[in-house]
Every structure is written in structure tokens, then in C-alpha cells.
Ligand SMILES: [Zn+2]
């Protein structure tokens, strides 16, 4: 509540000059746009080019699953023209406040029309130490990591392109041609990843702390084995089972992520004599990152 009051105060102080600036120089300024995570910044910049100025709310190294916007970020958001959401929990918690605080801001959900993978995790245990954890678990029964499948990014790109055209119809042709170029780039990326994948058997699997790569795995015929259970560290008993499972699957590499503690993955790796490699599902250079991950998933564990 205190944070919200501070947010309102900051709004009053900062928003008025922001609005005036936007009105007086509407044809010369770029469209100010907010996104939740860095890969989305990459998508919007591909389509918007120099016509857009994009801010990502979740800073590098922070997990979007535990992120909460700061009041200063809410002020920045309220001055944006568009906010492209992607279906992560923190977004919906701020919807009402956002839309009532800023008349000019249009919220565009980029997960519209995307059929999500239902998380295989069971419901969170009751009595979790985090107060609203079970509620957030409910929301994320659908796997939110849709930005890691190039095929699904094509759909997100279409939504982004349409929203940009609607907000700035003067530059329709530029958005449209940038969008078409982006689709071609995605197609080339998919071909490259498939070529890398051809070297490996179909049921090739990899072990990872936080299971972010299910959509990627589905698109490129990989299997993801998570260390995290139900969004949490495994219990000592679950850890024993994971070690047995990893041995059975001949896992030689375990992926760790910069947003999470590597301790458990390191422990499993030590038990089974595997190495660890860092992969980041939130890297800003999306295409290069996916290519890199395709290479490391192929060079690590072999089921046979
Ligand atoms: Zn995640």
C-alpha cells in the first residue's frame, strides 16, 4: 500500500511533463514502449526499429517469477504508449493499477492465441514459507516460457506488429516490412537449429535447474529434465531420486541459470560426475542465445 501511494505521488509529479512532451512533438519522437523481459525487447526492436524506444521491466539476472516492479518503474510504464505483456504472474498483479493510472497506456498481451503447455508440476504444498506462493503457482499452471520457441515467437511478432501499426499507422509500411524480415530471420534460425539437431538422436535429453526450455524442447525434439520441483528446490529425498534418475539417463552436463542459485545443480553434478554449463533463458540477444543453447544441448548428455 505504501509503495502504491508513493507510486501515485510520483505519477502526479512526473507524468504531467511527460504527457506534454509527447503531445508537442508527436511526429518526431519515438514510440515509448515497455516489455516485461529482455527477449521481448529484441522482438519489438526488430519490428519497430528506430521508431521505438523500448524498456524491459525485469532487469538482467532477476527471475521474472519473483519480480515486483518498483514504483519508479511504474511511473516509467505509465508514460509509455504500449506495454507488451507475455503472461508472467507479476504482470496481472499490476493490471488494474496500471490501466487506471495511465490513460495513454495500452496493454497488449502477446501470448494471445498461443496454446500453452500445462505445467506437469503438482500444486504447491500448503504452508509454503512465501505468503502468496500457492496463488502464483495456480496462475503459472501454464508454462509461461513461450519466448523460447521460434515458432511461437512468430505469433508474438504478429501481435506486436499489429499493435505498433494501430498505435502509429503513419509508419505502417515500415513495421510491416520489418516484421516480414524478422519472420525470415526466425525461419533461418529454425533451419540452423534443426541442422544442429540432426546430429543427435530424437529422444536426446538435458537436465536443467529451472525448466524454462519446454517449448524449445518441444519444437526441436529434445527432452527437458528439471531439477526444480514445483518451482522449488527439491527436498533431500527428491534429490536422491534426481541423482538416480540422472545416472540412469547418463546425464553428463547440467544446466544452471544466472537467475537461480547453482547449489543443487552443482550437488547433483558432483554426485554423478557431470559438469555444469550456464544457460540464460532471458538473454537479450535472443537468436544468438537460442543457437548457442542448441549447440550445448547437443554436445552434453547422450542417452546412449
Ligand atoms: Zn522461468
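The values are calculated or read from the model by the stated rules, or taken from the named source; none is laboratory data. Worth saying up front: this structure is predicted, and the values here are computed from it rather than measured. Note that each Cβ is placed from the backbone with ideal geometry, even for glycine, and that neighbours are counted across all protein chains shown.
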| query | Within the group 199, 212, which residue is surrounded by fewer than 19 Cβ atoms within 10 Å (Cβ to Cβ) and part of a loop (DSSP other than H, G, I, E, B)? | reply | 199
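Search region 275-286 for residues being under 19 Å from residue 36 (Cβ atoms) and surrounded by 17 or more Cβ atoms within 10 Å (Cβ to Cβ), and hand back the single one that is nearest to the ligand (Cβ to nearest atom).
281
Consider residue 250 carefully, then state whether it is within 15 Å of the ligand (Cβ to nearest atom), assigned by TED's automatic domain parsing to the domain that holds residue 206 and either over 25 Å from residue 141 (Cβ atoms) or under 21 Å from the mean Cα position of the chain (by Cα) (or both).
Considered against the rule, which asks whether it is within 15 Å of the ligand (Cβ to nearest atom), assigned by TED's automatic domain parsing to the domain that holds residue 206 and either over 25 Å from residue 141 (Cβ atoms) or under 21 Å from the mean Cα position of the chain (by Cα) (or both), residue 250 comes out as no.
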| message | Tell me the residue from 234, 262 that is assigned by TED's automatic domain parsing to the domain that holds residue 206 and either modelled with pLDDT under 90 or within 16 Å of the ligand (Cβ to nearest atom) (or both), please. | response | 262
| Of (1) over 30 Å from residue 218 (Cβ atoms); (2) surrounded by fewer than 18 Cβ atoms within 10 Å (Cβ to Cβ); (3) more than 17 Å from the chain's Cα centre (by Cα), residue 55 satisfies all except one. Which? | (3)
| query | residue 158: in contact with a helix residue (DSSP H, G or I) (Cβ under 9 Å, 6 or more places away or on another chain), in a helix (DSSP H, G or I) and within 16 Å of the ligand (Cβ to nearest atom), yes or no? | reply | no
| field | Subset tally (residues that are touching a residue at least 40 places away in the same chain (Cβ under 8 Å) and under 15 Å from residue 272 (Cα atoms)) for region 210-252 | value | 5
